Amino acid sequence: MLALRKWLLSGLLVIVPLVITLGVLNWIIGTLDQTLWLLPEQWQTWLSEHKVRGLGVLLTLAILLVVGATASNFVGKRLLGWGDAVVRRIPVVRSIYSSVKQVSDTLFSENGNAFRTAVLVQWPREGVWTIAFVTGAPGNEVAAHLGEGEFLSVYVPTTPNPTGGYFVMLKRSDCIELKMSVDEALKYIVSMGVVVPGGPTTVAVKSSNS
């Protein structure tokens with residue numbers, strides 16, 4: 001019985017990650033295949049009849065490359081600037097668009113600094129530690145109400161789904177910067193502590209005034 005149980009658990013450890021990975025990839029490919037509606041109707045009919053999957057991925061990559069190339073030249077930048085100005089004049093839409101654009105610019109820009117640093121913080125109460133990510137620093141009116149000391153804007157992800165979490169502002173002295181990369185920290189969070197990055201991992205966060 002012990003041998004059967006061991007084999008069963010070993011089989012689960014092999015199969016479950018593969019099944020979940022294939023399921024996620026299938027969902028991504030299926031979602032990207034929705035972009036095929038941009039093609040002529042005759043092409044869509046042929047693809048539907050022959051059940052060719054994955055072309056949506058190639059089409060999405062091609063669209064991204066074309067848009068990126070266009071946005072990188074002078075004319076494209078002027079057009080994007082004009083379109084951005086138009087959208088920002090539309091009530092309600094401008095609020096949503098501005099917020100989403102700021103987040104995307106921070107996440108995908110080469111100069112962005114979101115989720116670039118993993119830190120150790122006490123959450124949700126003193127004495128309980130978890131891994132979080134520095135997203136920036138409070139500014140303007142918010143910073144004025146926080147009192148003395150330097151504060152950091154921190155995202156505390158949930159486990160095992162790090163896409164949900166909490167945004168908090170903590171004193172820099174209450175955060176311990178980790179040497180592990182963001183990818184390693186995410187793996188640590190998603191695995192609920194099972195996948196532990198090796199070697200020494202922490203150093204104190206230095207104050208910008210020092």
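Computed from the coordinates by the stated procedures, all read-outs in this text should not be read as laboratory data. Predicted model only: the values in this text are computed from it and were never measured. Every residue, glycine as well, gets a Cβ built from its backbone with ideal geometry; the counts of neighbours run over all protein chains shown.
Quick look at the numbers
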read-out: Whole-Hz couplings from phi, Karplus 6.51/-1.76/1.60, listed for the range 168-182; x for Gly and Pro; value: 9, 10, 10, 5, 4, 5, 8, 10, 10, 6, 9, 6, 5, 6, 4
read-out: Mean Cβ neighbour count within 10 Å, used as a protection proxy, ranking 166-179, 63-76 highest first; value: 166-179, 63-76
read-out: Debye log10 I(q)/I(0) for the range 117-204, one point scatterer per Cα, at q = 0.11, 0.13, 0.24, 0.25 Å⁻¹; value: -0.30, -0.42, -1.26, -1.34
